[in-house]
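Heads up: the structure comes next, in structure tokens.
The values are calculated or read from the model by the stated rules, or taken from the named source; none is laboratory data. The shown structure was predicted, so the numbers you read here are calculated from the model rather than taken from an experiment. Cβ atoms come from the backbone with ideal geometry, glycine included; neighbour counts cover every protein chain shown.
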Amino acid sequence: MKKVSLILIPICFFVLLSAAHAAVGKVSKLSGEVSYRTRDNIPYQKAKDGIELEVGYWIKTGRNGWARLSLSDGSTFTLANNTELKIDSFLVSKEKKSGIFNLSQGKIRATVTKLTGQQTNYRVKSPTAVAGIKGTEFMMMSQGYANVFFGNEGSAEISGDSETSKPLSSDTIVQNTRGITPTDPVKVDENTPLHTAKKSFEEITAAKPPEDWEKSGNLPGIIARWNINYGHYLADTGKYEEALYVFQIALDLTDNGDIKGDARLERGSVYASFLRNPEAALAEYLLMLEEYPAYPQRETALYRTGMILYEMGFAKRAKERLLQYTAEFPSGKHLGNVETILKMIKD
């Protein structure tokens, strides 16, 4: 009996060891600059078609890179350019399957299969968001602090740092930034900039790579600009905190100074006009002046800074800013109001 037990121990150990090192899947297709590494904190090496992937592996695409990962359960992950993904965990059995995939940055399309009677619990995590997947196809972009999710089929649950989640379903968009609870889902209507963005996302994560990556580079700006327009709608309907959040997502989503300048002005306007919070509005305008001094929004930001300081009773500081306005914009669109206030300020 002891001999049988001794024989079974190494057999069981071998089975467990084999399961632990079983391949998660493979890189089934790739194009352009694609590299991988087998664990954290080691250099990347060039990837080739067919390399097997295991838990702990990283896949990274360059500026013209594209890769499709085919998992052992039939699910696929398609990585667009400038994307970095880690396989944190992966386990598949007849009864259930689970996996955690960390998206450090970039754009992916995840198509997760679901079999009848099989419990599915996949999660795709970025530094500031989590997508809980039961069996669906969706697209995810992680850009700086911000995350954008488009639903294609099925449903997923999107969350930030807390457990509060928002549903992502077919032809909707959900967003978040800085780990905050995501926005409510918004329907992606045809013939809108948002629909154009979704179609571009689908093209760069399709079954074959695009001919060029211009659409990929334009995506953050298109969605950020849409957020500014959507924020207007939210503010006009009295949803001021939601509007501020959407403007913040626009700020975090793009490096375009013109869009960032508009987002700062819009946040300042909501604080000043609707929430009666001049201190917060002033902070937004000062950030605009400091961070984007060469953009056309500077004129309005400088004018509003002077006016808010005057309304708050800081006449001397208001005068300094308003005189600065007249010096920088001698034919400015707010010059009449500025001159009127300057006459009212006593030395």
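Computed quantities for the displayed model
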{"item": "Scope segment 211-240; condition in contact (Cβ under 8 Å) with a residue 40 or more places away in the chain and either surrounded by fewer than 18 Cβ atoms within 10 Å (Cβ to Cβ) or closer than 18 Å to Ser31 by Cβ (or both); matching residues", "result": "Trp213, Ser216"}
{"item": "Considering residues of segment 147-176 that are part of a loop (DSSP other than H, G, I, E, B) and of a type in the set (D, E, K, R) only, the residue surrounded by the most Cβ atoms within 10 Å (Cβ to Cβ)", "result": "Asp171"}
{"item": "Filter result for the condition that a residue is surrounded by fewer than 21 Cβ atoms within 10 Å (Cβ to Cβ), at negative phi, in a helix (DSSP H, G or I) and at pLDDT 95 or above, over Leu302, Leu309, Leu289", "result": "Leu289"}
{"item": "Test: residue in segment 126-146 that is at pLDDT 95 or above, in a strand (DSSP E or B), under 19 Å from Thr38 (Cα atoms) and of a type outside the set (Gly, Ala, Ser)", "result": "no"}
{"item": "Ile133 vs. criteria surrounded by 15 or more Cβ atoms within 10 Å (Cβ to Cβ), of a type in the set (A, V, I, L, M) and in contact (Cβ under 8 Å) with a residue 40 or more places away in the chain", "result": "no"}
{"item": "Matching residues in segment 321-343 - criterion: being free of Cβ contacts under 8 Å to residues at least 12 places away in the same chain and either under 14 Å from Met307 (Cβ atoms) or assigned to a helix (DSSP H, G or I) (or both)", "result": "Ala327, Leu335, Gly336, Thr340, Lys343"}
{"item": "The one condition in (1) among the basic types (Lys, Arg); (2) at pLDDT 95 or above; (3) outside any helix (DSSP H, G or I) that Lys316 fails to fulfil", "result": "(3)"}
{"item": "Flag if Thr181 is over 24 Å from Thr113 (Cβ atoms) and either surrounded by fewer than 22 Cβ atoms within 10 Å (Cβ to Cβ) or outside the structural domain of Thr192 (by TED's automatic domain parsing) (or both)", "result": "yes"}
{"item": "Yes/no for Ser200 being assigned by TED's automatic domain parsing to the domain that holds Arg63, surrounded by fewer than 16 Cβ atoms within 10 Å (Cβ to Cβ) and over 15 Å from the mean Cα position of the chain (by Cα)", "result": "no"}
{"item": "Segment 183-207 residues that are in contact (Cβ under 8 Å) with a residue 12 or more places away in the chain, paired with ones that are of a type in the set (Ser, Thr, Tyr) (beta carbon under 7 Å, 6 or more apart)", "result": "Thr183/Tyr245; Pro185/Ser169; Pro185/Thr172; Val186/Thr172; Lys187/Thr172; Val188/Thr172; Ile204/Ser216; Thr205/Thr78"}
{"item": "Any hit, segment 72-81, residues being farther than 23 Å from Pro182 by Cβ, buried (at least 18 other Cβ atoms within 10 Å of the Cβ), in contact (Cβ under 8 Å) with a residue 40 or more places away in the chain and within 16 Å of the chain's Cα centre (by Cα)", "result": "yes"}
{"item": "Scan of segment 30-81 for residues that are within 22 Å of Lys215 (Cβ to Cβ) and among the acidic types (Asp, Glu), ordered by number", "result": "Glu33"}
{"item": "Set Glu266, Glu299: member being within 22 Å of Leu234 (Cβ to Cβ), under 31 Å from the mean Cα position of the chain (by Cα) and acidic (Asp, Glu)", "result": "Glu266"}
{"item": "Long-range neighbours under 6 Å by Cβ, at least six apart or interchain, first residue more than 20 Å from Met141 (Cβ to Cβ) and not assigned by TED's automatic domain parsing to the domain that holds Leu302 within segment 253-268, second at pLDDT 95 or above and crowded, with 23+ Cβ neighbours inside 10 Å", "result": "none"}
